[in-house]
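What follows is a short report on a single structure.
The values are calculated or read from the model by the stated rules, or taken from the named source; none is laboratory data. No experiment lies behind these values; they were computed from the predicted model shown. Ideal geometry is used to build each Cβ from the backbone, glycine not excepted, and the neighbour counts take in all protein chains shown.
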Amino acid sequence: MNYPINIKNLRWSFGEVDILKDITVKMERAKFTCIIGPNGSGKSTFLKNLLKILEPEKNKIFILNKDISSYRYKDLAKKIASVPQSTVVDFNFSVMDIVLMGRSPHLKRFQMEGKIDLKIVEKSMKMTDTWHLKDRNINTLSGGERQRAIIARALAQQSEILVLDEPISNLDIQHQINLLNILKELSIKENITVVVVLHDLNLAIEYSDYLILMNEGKIVDKGRPEEVITHDNVKEVYDIDIHIMKNPITKRPLIIPITK
């Protein structure tokens with residue numbers, strides 16, 4: 001089995017506080033993996049270790065069979081593209097310029113983008129419905145439009161692994177579904193390993209091949225959605241009562257909160 005992401009006993013602390021506790025998980029190539037869990041469960045810290053934004057210990061995270069600590073940042077960017085929670089941009093670049101930045105890991109120093117790079121950028125922007133915004137200043141866009149532009153930048157990197165932290169939080173329902181459809185298609189047709197943090201459990205269930213349920217810095221459960229989404233797991237992690245039924249169309253689990 002080919003595991004582009006292999007994490008072994010990952011721990012991460014802030015001072016004396018343990019944020020991540022013995023995280024061990026493998027993620028398969030060309031699969032859509034979703035990380036779920038309540039606020040403060042360690043999901044974003046997990047992703048920051050995976051992206052080397054936070055420096056993990058040696059021999060804990062392996063990307064494409066290579067210890068992440070041995071990657072130069074530019075080389076790692078060729079393997080992993082990411083979309084952070086915050087999409088605030090400090091400078092007044094055009095949307096086109098922002099998306100073109102996704103090609104930077106593939107260019108030599110002082111090298112300009114060529115025709116192939118421009119075609120890749122155009123394709124990424126059309127996929128995310130941002131091509132018509134290409135000449136706009138990034139800071140004049142709505143939150144949802146800016147989010148889609150940052151996602152287009154990540155797609156333009158054409159990396160083997162795509163990591164997104166709550167990518168649909170600022171999007172309307174149409175663009176939420178469109179984006180998740182794009183990510184699912186990329187995992188299937190382009191053999192890209194997709195890792196996404198989502199708060200919407202039902203969307204996570206529908207799109208995921210593999211779920212990782214986190215709480216208090218630990219993995220509570222992992223596996224196929226129907227294995228992870230149980231009454232006991234949801235009650236333990238989210239402290240809510242639910243009814244689980246089978247989606248009549250997709251046959252996947254469907255969560256219905258029980259209100260009092």
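Can you tell me how many residues in the stretch 128-166 are in a helix (DSSP H, G or I) and buried (at least 19 other Cβ atoms within 10 Å of the Cβ)?
Filtering the stretch 128-166 for residues in a helix (DSSP H, G or I) gives 131-133, 138-140, 143-156.
In the following step, the residues that additionally are buried (at least 19 other Cβ atoms within 10 Å of the Cβ) were identified as 133, 138, 145-156.
Final tally of qualifying residues: 14.
Taking the stretch 111-146 as the search range and keeping residues that are of a type in the set (Gly, Ala, Ser) and more than 20 Å from the chain's Cα centre (by Cα), which one is nearest to Gln85 (Cα to Cα)?
Ser142
Can you work out which of the residues in the stretch 86-105 that are touching a residue at least 40 places away in the same chain (Cβ under 8 Å), of a type outside the set (D, E, K, R) and part of a helix (DSSP H, G or I) is surrounded by the most Cβ atoms within 10 Å (Cβ to Cβ)?
Result: Val99.
For residues in the stretch 249-260 being in a strand (DSSP E or B) and of a type in the set (A, V, I, L, M), which is surrounded by the fewest Cβ atoms within 10 Å (Cβ to Cβ)?
We begin by selecting, within the stretch 249-260, every residue in a strand (DSSP E or B); these are 253-257.
This time we only want the ones that are of a type in the set (A, V, I, L, M), so: 254-256.
Working: Leu254: 19, Ile255: 19, Ile256: 10.
Looking at the filtered set, the residue picked out is Ile256.
Could you tell me whether the stretch 108-118 includes any residue that is part of a helix (DSSP H, G or I), touching a His at 6+ places or on another chain (Cβ under 9 Å) and either at pLDDT 95 or above or aliphatic (A, V, I, L, M) (or both)? Can you show your working first?
Start the filter on the stretch 108-118 by keeping residues that are part of a helix (DSSP H, G or I), which leaves 115-118.
Cutting the leftovers down to touching a His at 6+ places or on another chain (Cβ under 9 Å) gives us 117.
If we keep only those that are either at pLDDT 95 or above or aliphatic (A, V, I, L, M) (or both) too, we end up with 117.
Taking every residue of the stretch 108-118 in turn, at least one turns out to be part of a helix (DSSP H, G or I), touching a His at 6+ places or on another chain (Cβ under 9 Å) and either at pLDDT 95 or above or aliphatic (A, V, I, L, M) (or both).
Pairs please, first residue from the stretch 116-133 and touching a residue at least 12 places away in the same chain (Cβ under 8 Å), second anywhere and assigned to a loop (DSSP other than H, G, I, E, B), Cβ atoms under 8 Å, 6+ apart in sequence or on different chains.
Sorted first by the residue in the stretch 116-133, then by its partner, the pairs are Asp117/Leu107; Ile120/Gln158; Val121/Glu113; Met125/Lys134; Leu133/Leu141.
Is it the case that the stretch 19-30 has a residue that's among the hydroxyl-bearing types (Ser, Thr, Tyr) and either over 20 Å from the mean Cα position of the chain (by Cα) or under 16 Å from Val194 (Cα atoms) (or both)?
In the first step, residues of the stretch 19-30 are kept if they are among the hydroxyl-bearing types (Ser, Thr, Tyr); the result is 24.
If we keep only those that are either over 20 Å from the mean Cα position of the chain (by Cα) or under 16 Å from Val194 (Cα atoms) (or both) too, we end up with none.
No, the stretch 19-30 contains no residue that is among the hydroxyl-bearing types (Ser, Thr, Tyr) and either over 20 Å from the mean Cα position of the chain (by Cα) or under 16 Å from Val194 (Cα atoms) (or both).
Taking Ile240 as meeting all but one of (1) among the aliphatic types (A, V, I, L, M); (2) over 15 Å from the mean Cα position of the chain (by Cα); (3) modelled with pLDDT under 95; (4) crowded, with 18+ Cβ neighbours inside 10 Å, write down the number of the exception.
With (1) among the aliphatic types (A, V, I, L, M); (2) over 15 Å from the mean Cα position of the chain (by Cα); (3) modelled with pLDDT under 95; (4) crowded, with 18+ Cβ neighbours inside 10 Å applied to Ile240, the lone miss is (4).
Quick one: in the stretch 12-30, of everything that is farther than 11 Å from Gly42 by Cβ and in contact (Cβ under 8 Å) with a residue 12 or more places away in the chain, which residue is surrounded by the most Cβ atoms within 10 Å (Cβ to Cβ)?
Met27
Answer yes if at least one residue in the stretch 54-61 is modelled with pLDDT of 95 or more, buried (at least 18 other Cβ atoms within 10 Å of the Cβ), in contact with a helix residue (DSSP H, G or I) (Cβ under 7 Å, 6 or more places away or on another chain) and closer than 15 Å to Ile161 by Cα, and no otherwise.
yes
Could you grab me the full set of residues in the stretch 1-55 that are assigned to a strand (DSSP E or B) and within 21 Å of Tyr207 (Cα to Cα)? Break it down into steps so the answer makes sense when it comes.
Within the stretch 1-55, the first condition is being assigned to a strand (DSSP E or B), and the residues that meet it are 5-14, 17-27, 32-36.
Selection gives Ile5, Val25, Lys26, Met27, Phe32, Thr33, Cys34, Ile35, Ile36.
For the stretch 89-118, what are the residues that are of a type in the set (Val, Ile, Thr) and touching a Lys or Arg at 6+ places or on another chain (Cβ under 8 Å)? If you could, list the steps in order and put the result at the bottom.
Restricting attention to the stretch 89-118, the residues satisfying the condition of being of a type in the set (Val, Ile, Thr) are 89, 95, 98-99, 116.
Once the filter is applied, which keeps residues that are of a type in the set (Val, Ile, Thr) and touching a Lys or Arg at 6+ places or on another chain (Cβ under 8 Å), the stretch 89-118 yields Val89, Val95, Ile98, Val99.
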